[in-house]
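The values are calculated or read from the model by the stated rules, or taken from the named source; none is laboratory data. Computed from a predicted structure; not experimentally measured. Don't worry about glycine lacking a Cβ; one is built from the backbone with ideal geometry, like all the others, and counts go over all protein chains shown. Heads up: the accessible areas ignore ligands, DNA and RNA and are worked out on the full protein's heavy atoms, side chains in. Shrake-Rupley method; radii C 1.70, N 1.55, O 1.52, S 1.80 Å.
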Amino acid sequence: MNMKTTHTFVEIIRKMSHLHIVVGTLFVATIYVSFCNLAFAESSFLHVSDYTVSLFGKYLCYALLALAVDLVWGYCGILSLGHGAFFGLGGYAMGMYLMRQIGDRGVYGNAELPDFMVFLNWTELPWYWAGSSSFLWMVLMVFVAPGILAFVFGMLAFRSRVSGVYLSIMTQAMTYALMLAFFRNEMGFGGNNGLTDFKEIAGFSLQDPHTKLGLFVVTAIALAIAYWVSNYIVKSKLGAIITATRDAESRVRFVGYKPEYYKVWIFVVSAMIAGVAGALYVPQVGIINPGEFSPLNSIEIVVWVAIGGRYTLYGAIIGAILVSYAKTRFTAIMPEAWLFALGGLFVLVTLLFPKGIAGALPGVARRFGLDANTNDNKTNKNNAQSEEQGTLKAPRAGGQ
Amino acid sequence: MIVDKAGTPITATDNVQPDTRHGVILYVEDVSVSFDGFKALNDLNLYINDGELRCLIGANGAGKTTLMDVITGKIRPDTGKVNFGQQVDLLQLDESEIARVGIGRKFQKPTVFEALSVYKNIELSLAGDKGIWTSLFGKLTGEQRDRIDEILRTIGLTNEAFYMAERLSHGQKQWLEIGMLLAAEPRVLLVDEPVAGMTGQETERTAELLTSLAGEHSVVVVEHDMAFVRSIARTVTVLHQGSVLAEGSMSEVQSNPEVIKVYLGEDSGEDSGDDNSEGYPSESGEEYIEASSSKEG
């Protein structure tokens, strides 16, 4: 009986795609955290604290961000060292909305202007703050602001066929320029203090543990949707074209595609996902400031993806969550050593597991007989391909 | 942008029918290209007839690959005209648009999409809408699947359909690239050294395939392997220092004193390769071609 149950379990796992596993894990984790947060008293061993809920919410935002970087880097070969810019813009769009929700509860009690504007002796809202009190407008801007930046940047860079290291440096310069700009008080985004002291979101108090839990759940849902969308994209013909562009861009051109527009497209989609991550991040940590645009942050995202394993969507998520968790732990023990640890981890993983943690997973799954095809096959991609095509079954390289 | 006679733009995805009433599908007229003073192409004139199979030969540096680059839009010539049929000016189009009007190219070094399966490689190359949204939401039709299967059979890779292209042997990659060309259903195929690195048997099959393609398609083959050229060629064009040196049947070209002089140097007046039927370069002409230094390769 027990044997049989185990067997069925193994069968089920074998049949699941990574999409099922990731979304399923997210679902179970969300239910678990929510239940343990709500049902058990604070003294209970099983209780998940409000702090932990917010912390997990933050990790999921990072996972979303890593997913965005993996789409452009892992699948399209665009090593963006500036994705923090899109994250930051999404965050500021949310921050502006949250500032307006404060209303007259600010220090200066001005119902119209956020505190920092009153402090600067401004008498009216700058034009680009118009509409920021509307929730819908905010949601729109979370997509549009990073999208426009990515579109303009992409059109300029990809159409003039800039790639490789030069492109990476340009993305880095882009986020650095934004950081300097947002530091200026005259920009009207709160200067180096950024936007903070938020009170409520869509009528729910941000101090309320239930709101925090709600934000966590929303983030989990956003991650699941983004994962599904990304998975759809990379499995489509467009995904194949993007990967082909990564490996042989000029060949793609001679086949009749315009790879520059494909690159712009995926760059914009990725920027929007990063924007959503930023927007969900801000209410959970309670602040957005120009530090988010720091080039260092953007590089850290790339390290997550490299450690987790690029060219697999779940790898990016694993990398972001594990490294962020390690960071939380590590900085609590000896903060000054964290960057060394991160650097060391990066070097080690690159040397030992060039494909990251995700690259090592198929081997582990095989050892426990959990993978879909136990025959010797260099990559699982083969199988994924043949299953996806459906009608045309390839003779598997079996029997060896 | 492609403009029809009335001046209204045609989108490149529309099937552009080249005007071949004069029997010529590709016009290359007075084309010159120079790199830092070096004249890679020098007032070159070449006309490819609709449906013919043409071989281009010439020593390294004669301008063969540069000519392909010009036709496919990779290099813009300094002067000259390149037309597809009578009315489509190829110099107005970029690489992808030229590919879509019906000029396919196989590279010297096989370039396939290594991280994708053989099947996907062919799928991406199929003729049709190459727009972003079609690629995102489009599904293969039954007709397209049949077409892919047919191509896989033609190139002998049916059993390898779901292998990653990186796992193929060199010769198989060459074939895959030819398959990708076929999938695009081009009017003109530019084929750069199709049999490099192939075994004798593979070479034979390639010769058969290219000969069978002529008629429906126009095929331009650049090849160093004289035995191969002799086995397929009806018309041969010899390039030398960026211009056409001679044109005609293989035997005409081989007996042309200019060609002999250029190919074999002053000291040898022999035919350039009768003693060389395996298709590998030996002492005479072909080796000279291989050994010449150049920008190509």
Most to least packed among A:70-82, B:124-136 [average Cβ atoms within 10 Å]: A:70-82, B:124-136
Around residue B:113, which amide H atoms from residues at least 5 apart in sequence, or from another chain, sit under 5 Å from its own amide H, with H modelled in the peptide plane? none
Given the whole protein assembly as supplied and a 1.4 Å probe, what does the accessible area of residue A:170 come to in Å², nearest 10? 70
Can you show me the helix-derived [θ] at 222 nm for chain A, built from DSSP H runs with n ≥ 4 at -39,500 (n - 2.57) apiece and divided by the number of residues, rounded to the nearest 500. -22500 deg cm²/dmol
For A:35, A:254, give the ranking by accessible area with the largest first, probe 1.4 Å. A:35, A:254
Exposure rank, largest accessible area first [B:43, B:149, B:50; 1.4 Å]: B:43, B:50, B:149
Indicate the gyration tensor shape class of segment A:1-57 (rounded, prolate or oblate), computed on the Cα atoms with a ≥ b ≥ c the square roots of the eigenvalues: a/c under 1.5 is rounded; otherwise a/b larger than b/c is prolate and the rest oblate. oblate
Within the set of other residues whose C-beta is less than 14 Å from the C-beta of residue B:78, count the net charge using Lys and Arg as +1 and Asp and Glu as -1. -2
Mind listing the phi-derived Karplus ³J(HN,Hα) values for segment A:44-54, rounded to whole Hz, using 6.51, -1.76 and 1.60 with θ = phi - 60°, and x for any glycine or proline? 5, 5, 7, 5, 9, 6, 4, 4, 4, 4, 5
To check you understand DSSP bridge types, tell me what percent of the beta bridges within the protein assembly as shown (both residues inside) are antiparallel, rounded to 5. 60
How much space per residue, in cubic angstrom, does the convex hull of the C-alpha atoms of chain A take up? 181
Considering the dipole of segment A:15-369 built from charges on the beta carbon (Lys and Arg +1, Asp and Glu -1) around the Cα centre, which of A:49, A:267, A:297 is farthest to its positive end? A:267
Residue by residue, what Karplus-based ³J(HN,Hα) values in Hz, rounded to whole numbers, does segment B:125-130 have, using 6.51, -1.76 and 1.60 with θ = phi - 60° and x for Gly and Pro? 8, 4, 5, x, 5, 10
Accessible area buried between chains B and A, both sides summed, probe 1.4 Å, in Å² to nearest 100: 3700
Among A:320-329, A:342-351, how do they line up by average Cβ neighbours within 10 Å per residue, starting with the highest? A:320-329, A:342-351
Please state the shape class of segment B:139-226: rounded when a/c is under 1.5, otherwise prolate if a/b exceeds b/c and oblate if not, all from the C-alpha gyration tensor. oblate
Students sometimes get this wrong: rank A:353, A:330, A:182 by accessible area, probe 1.4 Å, all chains present, largest first. A:353, A:330, A:182
Short version: what are the Cα gyration tensor semi-axes of the protein assembly as shown, square root of 5 times each eigenvalue, largest first, in whole Å? 58, 31, 21
How well do other chains shield peptide B:157-170, expressed as the mean number of their Cβ atoms within 10 Å of each residue Cβ? 4
Mind checking B:114-124 for the average number of partner chain beta-carbons within 10 Å of each residue's beta-carbon? 6
Taking R0 as 30 Å, what FRET efficiency do you get between residue B:212 and residue B:29 from their Cβ-Cβ distance, rounded to the nearest 0.05? 0.50
Report, by chain and number, residues whose modeled amide H sits under 5 Å from the one on residue B:25, excluding near sequence neighbours (fewer than 5 apart, same chain). B:48, B:49, B:50
Shielding of A:122-132 by other chains, given as the mean Cβ count within 10 Å, works out to 0
Delta accessible area of at least 50 Å² on complex formation, residues of segment A:230-267, 1.4 Å probe, chain isolated as reference: A:232, A:237, A:240, A:251, A:254, A:255, A:256, A:257, A:258, A:262, A:265
Mind checking which lysines have their C-alpha under 23 Å from residue B:139, skipping anything on the same chain fewer than 8 residues away? A:235, A:237, A:258, A:263, A:381, A:393, B:120, B:130
At a Förster radius of 45 Å, what calculated FRET efficiency corresponds to the Cβ-Cβ distance of residue A:173 and residue B:89, to the nearest 0.05? 0.70
Show me A:12-19, A:211-218, A:259-266 ranked by packing, highest mean number of other Cβ atoms within 10 Å first. A:259-266, A:211-218, A:12-19
Which far-off residues, 5 or more places away or on another chain, put their amide H under 5 Å from the one on residue B:54, with H placed in the peptide plane? B:219, B:220, B:221
Rounded if a/c under 1.5, otherwise prolate or oblate - segment A:192-312, Cα gyration tensor axes: prolate
List the lysines whose alpha-carbon lies under 26 Å from that of residue B:261, not counting same-chain residues fewer than 8 positions away? B:39, B:64, B:295
Report in % the part of the accessible area of the protein assembly as shown that belongs to carbon and sulfur, leaving out ligands and nucleic acids; probe 1.4 Å. 59
Karplus-derived HN-Hα couplings along segment B:146-152 (A = 6.51, B = -1.76, C = 1.60, θ = phi - 60°), whole Hz, x at Gly and Pro: 4, 4, 4, 4, 5, 5, 4
Taking the Cα atoms only, what angle lies between the long axis of helix A:338-352 and the longest principal axis of chain A, rounded to 10 degrees? 20
Roughly speaking, what is the centre-to-centre gap between segment B:214-246 and segment A:241-259 when only Cα atoms are used, to the nearest Å? 28
Principal-axis tilt of helix A:2-15 within chain A, Cα atoms, nearest 10 degrees: 70
At 0.36 nm per residue, and after removing the present C-alpha to C-alpha distance, how many nm does the segment from residue A:162 to residue A:135 gain when stretched out fully? 6.0 nm
